[in-house]
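The values are calculated or read from the model by the stated rules, or taken from the named source; none is laboratory data. Just so it is clear, the structure is predicted and the values come from calculations on it, not from any experiment. Counting neighbours? That spans all protein chains shown, and the Cβs are built from the backbone with ideal geometry, glycine included.
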Amino acid sequence: HLFDWLVPGLLREKCIQLVKNLPKDKRKQLVPVPDHVDRALAGLEPADVDLARAMADRFAALGAVRLAPGDWAVHKLDDYYRMNIRVVDADGRLLAQGRDLAQLVERFRDHTRQSLSTRQDDSPAREGIVRWDFEALPAEYRFRQAGVDIVAYPALVDTGAAVDIALCDYPGEARLRHRAGVLRLLRLHSAQQVKYLRKQLLRGNESALVLAAAGLEREALLEDLVDAAFLQAMAVDQGAPRSREAFEQMLERGRGEVVGRATQLETVLLNSLGALAELRRRLAGLEAGRWPDTREDIDSQLQRLLAAGFQRDTPESWLSQYPRYMKALCNRVERLSGQYPKDQGHTALLQELGAPLWEALGKRPGLLLSCSDAMQYRWMLEELRVSLFAQHLGTRQAVSAKRLQEQWRAVAQWLAANPH
């Protein structure tokens with residue numbers, strides 16, 4: 001965020017423009033604008049925090065106005081108020097320049113990773129690891145390149161048949177990739193258990209019939225189930241290990257729990273898919289061409305609930321609720337013909353509340369695993385659906401549109417503080 005603050009001579013002018021771009025009802029509470037900006041800046045020092053958020057905090061502290069992250073129209077600022085960033089190579093030659101740091105980072109990401117991995121003799125980067133045969137993996141790797149101090153973030157990275165140690169650009173990215181890498185290495189260290197689970201789970205005529213009726217394939221669900229069993233049994237999400245000792249302790253503590261967890265997950269999955277099969281039968285029985293917005297909303301909900309890796313990436317406490325979510329969907333379809341106008345209103349509300357999360361996930365696919373507030377918001381949305389369409393099934397917590405809006409404010413603050 002340091003580039004947001006420009007240089008002292010331009011900071012005041014930029015802040016005035018930011019305030020002038022606020023919604024009218026908020027802007028009129030900050031008149032005269034220059035005076036309010038001066039009072040706010042008097043209590044601020046340039047720092048690696050979002051400038052708009054820092055200004056909002058100051059205005060609130062001064063009792064002037066309360067501003068939400070969505071009130072700021074930073075995109076409307078003229079380029080004059082954005083730092084021009086130049087990218088040069090080790091010899092100082094200009095490679096590119098622009099005012100969008102994220103675009104420049106993305107453009108040179110692969111080149112930078114290759115440079116990080118190959119130019120340093122002491123780099124921890126490695127390839128083709130199938131056993132944890134190294135000591136501690138540092139959280140940070142620091143070195144100098146072209147006279148500049150560089151910080152990279154080592155992580156185990158899943159490559160399918162093995163893992164690599166890669167250097168990541170950001171700590172959040174490293175945590176997500178390390179989680180997947182640790183999971184792969186746990187499975188590689190437990191090959192016999194994995195083989196056993198593949199033979200035992202989702203087998204038999206009953207499972208085959210449920211899978212067929214739900215319209216899903218066994219193999220993808222099976223691998224996802226095994227992943228979830230290892231993550232839960234080993235408690236990876238309570239802290240992914242970064243040393244051989246911690247990894248071996250995790251294996252020792254959790255190895256005996258894997259099969260039991262897998263069996264529990266299989267039961268939840270089959271119960272969920274049984275309700276899903278019933279839902280598909282009811283949807284097929286609806287009159288063709290009617291209620292298109294409801295059908296589209298249900299399709300979108302199912303795509304999100306059953307997205308690739310949903311068992312692996314859904315917390316155990318929420319995954320166990322899947323049968324109830326599927327039953328709520330069945331109830332919605334059953335009551336549709338007599339309550340369509342009411343259903344339309346509920347659909348509009350859900351789309352309004354869900355839009356900011358789906359937009360954020362489009363930009364940051366790993367958001368739910370990185371931000372606990374976002375994860376909570378995502379499942380509050382699902383609970384709200386139950387409340388609206390199948391209230392008799394009950395919800396795990398009190399939920400309403402107002403509570404969701406309050407929860408999203410926490411997510412928006414996290415996003416502003418964690419841009420990468």
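Here are the numbers for this structure:
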| quantity | calculated |
| --- | --- |
| Test: residue in region 304-311 that is closer than 17 Å to Thr347 by Cβ and not β-branched (Val, Ile, Thr) | yes |
| Residues of region 230-257 classified as surrounded by 16 or more Cβ atoms within 10 Å (Cβ to Cβ) and outside any helix (DSSP H, G or I), total | 3 |
| Filter result (among the β-branched types (Val, Ile, Thr) and either surrounded by 13 or more Cβ atoms within 10 Å (Cβ to Cβ) or not in a loop (DSSP other than H, G, I, E, B) (or both)) within region 1-30 | Ile16, Val19 |
| Candidate set from region 46-84 (those that are among the charged types (D, E, K, R) and over 22 Å from Lys28 (Cβ atoms)); member that is surrounded by the most Cβ atoms within 10 Å (Cβ to Cβ) | Asp50 |
| Test: residue in region 254-275 that is over 22 Å from Leu222 (Cβ atoms) and free of Cβ contacts under 8 Å to residues at least 12 places away in the same chain | no |
| Failed item, numbered, when Val399 is tested on (1) hydrophobic (A, V, I, L, M, F, W, C); (2) surrounded by fewer than 16 Cβ atoms within 10 Å (Cβ to Cβ); (3) not in a helix (DSSP H, G or I) | (2) |
| Verdict on Arg332 being more than 22 Å from the chain's Cα centre (by Cα) and not in a helix (DSSP H, G or I) | no |
| Some residue of region 339-350 being within 30 Å of Thr267 (Cβ to Cβ) and not aromatic (Phe, Trp, Tyr) | yes |
| Flag if Pro419 is touching a His at 6+ places or on another chain (Cβ under 9 Å) and surrounded by fewer than 16 Cβ atoms within 10 Å (Cβ to Cβ) | yes |
| Residue within region 370-378 that is over 27 Å from Asp169 (Cβ atoms) and either among the aromatic types (Phe, Trp, Tyr) or touching a strand residue (DSSP E or B) at 6+ places or on another chain (Cβ under 9 Å) (or both) present | no |
| Filtered residues of region 288-307 (kept if assigned to a loop (DSSP other than H, G, I, E, B) and at pLDDT below 95) | Ala288, Gly289, Arg290, Trp291 |
| Yes/no for Leu67 being of a type outside the set (Lys, Arg), modelled with pLDDT of 90 or more and not in a strand (DSSP E or B) | yes |
| Verdict on Val386 being assigned to a helix (DSSP H, G or I), surrounded by 19 or more Cβ atoms within 10 Å (Cβ to Cβ) and among the β-branched types (Val, Ile, Thr) | yes |
| Among (1) within 30 Å of Ala284 (Cβ to Cβ); (2) crowded, with 20+ Cβ neighbours inside 10 Å; (3) not basic (Lys, Arg) - the single one Pro154 does not satisfy | (1) |
| For Lys342: the one exception among (1) surrounded by fewer than 19 Cβ atoms within 10 Å (Cβ to Cβ); (2) under 23 Å from the mean Cα position of the chain (by Cα) | (2) |
